[in-house]
Amino acid sequence: MSEKILTKEIAELFIADDYSDDLTEFTKIDDDAAESLSRFNGGNGECLALDGLTELSDAAAGSLSKYQGGRVTLNGISKLTDAAFEYLSNAQVSLELDGIRELSDSAANSLSKHEGGLSLLSLYEISDFAAKCLARHKDRGWTLRLNGIVTLSDEAAESLSKHNGMLCLYGLKNLSEDAVESLSRHRGSIELDKKLEEKVENLQVSHSKEADEFFCNKSITLNDKNVEKFLDLLKYDFCAFDYVKEIDVVAAGSLSDFRKNDYLELNGLKELSDSAAEILSKHKGDLYLNGLEELSDDVAATLSSHNNELRLSGITELSDTAAKNISRHVGALRLNGLKTLSDNAAENLSMKEGRLSLLGITQLSDNALKNLGKRKNKLDLNQDMEARVVPYREAQEKIFENQKVMEIKDRLSEKERDQYEALIDEYKEADGSRKWEIYSLFGKNGWGTPY
């Protein structure tokens, strides 16, 4: 087959032509062409199909990893360097590498960090270490396709059973009883050949009964001794997280790692140790702790470092120090169990970045309302409290507006200031077209708005 090179010019035409051309005819890609394609935003479902490529440089792999679409398919490539695998692991889309026949331990370790679907259909065997790495394949819910693998060691099967998304192993034929037992405990959906699937389903019936016994009293203290069993049985009871009443540090880490970038809901917890709070504060998804009845100053300080939505709507009282500490939280914060706030607490929460929800508040002093009215970010209050805070918010917005005008004027020359004020006066009396001209001029000059 003759060599066809995908050049930068062709890549640019592909993008300009609304992605209608077929790129699978090309067997090689220039690095600058890959760079051009990296800037192509194909949308959530768009596939960048490059299945004709038979080789890929490290630089091109790095560029393609930046593609913002649905998936990238490179199914004609049979071999990549470890560096290329490392680059591709950074892709935020699904990857199809169905031509790859061998996977080094280093490459497997890189792919464990990939966040998206992963397909390696020509891989016929993997080492125990590689299986352990691929089991950590990120983002709960994504599919890991390894349909070319015909056998697994007991250790590899045990590792892959910990994978959280869909696992496809249609090619498996010969497995030991221990390996089948491990796969029957897979924490997500699993697809196997019919014969193995029947064995796994038979074992899962007994696992379901085991789950009924494990979750029977609907009150669980999770620790280093039982958290793995909890995660193995989780899929048999969708309410299992609600049964968790206490956790130690090891359990907190295991639950956070299991949910990865997804939300972690632990609304059954009534209290939280400082050490467990430290672990949960690092969770990359939303964190729901609506069962907590008290928030100590130290736990508030620890949880403030969490970067996503934090729900603490079981808290009914908040000290001034706890309010000051939790106000450093930058994500959305829900404290809907609070009925009132002190003036100091309201002042501290008024400075919090991100959304703040206080729907349960029924009593606030005028000074507390004034402080909350200063918030620049979204504030959720019930209808009565919202009506009371509106005048303070409008007054604060007027203050912000006046401050902005003064900042603009301070950086203008005397001549520019005269023009600025004259145009504002003219804007008040101008007709529609002239108003638009003045408005556009203000925008062009960085003067804000003329009203």
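The values are calculated or read from the model by the stated rules, or taken from the named source; none is laboratory data. Note that the coordinates shown come from a computational prediction; the quantities given were computed from them, not determined experimentally. Every residue, glycine among them, receives a Cβ derived from its backbone with ideal geometry; neighbour counts consider all protein chains shown.
Below, the figures for the structure above:
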{"read-out": "Segment 325-336 residues that are assigned by TED's automatic domain parsing to the domain that holds TYR263, paired with ones that are in a strand (DSSP E or B) and hydroxyl-bearing (Ser, Thr, Tyr) (beta carbon under 6 Å, 6 or more apart)", "value": "ARG334/SER357; ASN336/SER357"}
{"read-out": "For GLN68: the one exception among (1) in a loop (DSSP other than H, G, I, E, B); (2) surrounded by 15 or more Cβ atoms within 10 Å (Cβ to Cβ); (3) modelled with pLDDT of 90 or more", "value": "(3)"}
{"read-out": "GLU25 being part of a loop (DSSP other than H, G, I, E, B), assigned by TED's automatic domain parsing to the domain that holds HIS137, more than 30 Å from SER127 (Cβ to Cβ) and not polar (S, T, N, Q)", "value": "yes"}
{"read-out": "Pair list, Cβ under 9 Å, 6 or more apart: segment 378-407 residue more than 15 Å from SER365 (Cα to Cα), other residue of a type in the set (Ser, Thr, Tyr)", "value": "LYS378/SER357; LEU379/SER350; LEU379/SER357; ASP380/SER357; ASN382/THR362"}
{"read-out": "Condition check for SER327: at pLDDT 95 or above and surrounded by fewer than 16 Cβ atoms within 10 Å (Cβ to Cβ)", "value": "no"}
{"read-out": "Sole residue being at pLDDT 90 or above, more than 15 Å from GLY76 (Cα to Cα) and surrounded by fewer than 17 Cβ atoms within 10 Å (Cβ to Cβ), chosen from LYS4, LYS8", "value": "LYS8"}
{"read-out": "Segment 337-382 - residue that is surrounded by fewer than 18 Cβ atoms within 10 Å (Cβ to Cβ) and either touching a Gly at 6+ places or on another chain (Cβ under 7 Å) or β-branched (Val, Ile, Thr) (or both) and, of those, farthest from LEU287 (Cα to Cα)", "value": "THR362"}
{"read-out": "Complete set of residues in segment 217-239 that are closer than 23 Å to GLU181 by Cβ and in a loop (DSSP other than H, G, I, E, B)", "value": "ASP224, LYS225, ASN226, ASP237"}
{"read-out": "Any hit, segment 406-419, residues being under 30 Å from THR316 (Cα atoms), surrounded by fewer than 18 Cβ atoms within 10 Å (Cβ to Cβ) and out of contact with any helix residue (DSSP H, G or I) (no Cβ under 9 Å at 6 or more places or on another chain)", "value": "no"}
{"read-out": "Lone unmet requirement of (1) within 33 Å of the chain's Cα centre (by Cα); (2) at negative phi; (3) not aromatic (Phe, Trp, Tyr) for LYS218", "value": "(2)"}
{"read-out": "Residues of segment 386-413 that turn out to be under 26 Å from LEU369 (Cα atoms) and of a type in the set (Lys, Arg), as a count", "value": "4"}
{"read-out": "Hits in segment 365-404 - residues which are over 16 Å from ASN336 (Cα atoms) and either outside any helix (DSSP H, G or I) or of a type in the set (Lys, Arg) (or both)", "value": "SER365, LYS370, GLY373, LYS374, ARG375, LYS376, ASN377, ARG388, ARG393, LYS398, LYS404"}
{"read-out": "Cross-chain or 6+ apart pairs with Cβ under 7 Å, segment 290-312 first and under 20 Å from GLU246 (Cα atoms) and in a strand (DSSP E or B), then at pLDDT 95 or above and aliphatic (A, V, I, L, M)", "value": "LEU310/LEU287; LEU310/LEU303; LEU310/LEU333; ARG311/LEU289"}
{"read-out": "Among (1) surrounded by fewer than 17 Cβ atoms within 10 Å (Cβ to Cβ); (2) closer than 25 Å to ILE29 by Cα - the single one LEU103 does not satisfy", "value": "(1)"}
{"read-out": "Condition broken by LYS195, with the remaining ones in (1) touching a strand residue (DSSP E or B) at 6+ places or on another chain (Cβ under 9 Å); (2) exposed (fewer than 15 other Cβ atoms within 10 Å of the Cβ); (3) among the basic types (Lys, Arg) satisfied", "value": "(1)"}
{"read-out": "Per-region count, segment 240-272, residues crowded, with 17+ Cβ neighbours inside 10 Å and part of a loop (DSSP other than H, G, I, E, B)", "value": "6"}
{"read-out": "Which numbered condition TYR427 fails, given (1) modelled with pLDDT under 90; (2) of a type outside the set (S, T, N, Q); (3) touching a helix residue (DSSP H, G or I) at 6+ places or on another chain (Cβ under 7 Å); (4) outside the structural domain of LEU349 (by TED's automatic domain parsing)", "value": "(1)"}
{"read-out": "Cβ-Cβ under 8 Å pairs, at least 6 apart or on other chains, segment 359-370 side small (Gly, Ala, Ser), far side in a helix (DSSP H, G or I) and surrounded by 21 or more Cβ atoms within 10 Å (Cβ to Cβ)", "value": "ALA368/ALA345; ALA368/ALA346"}
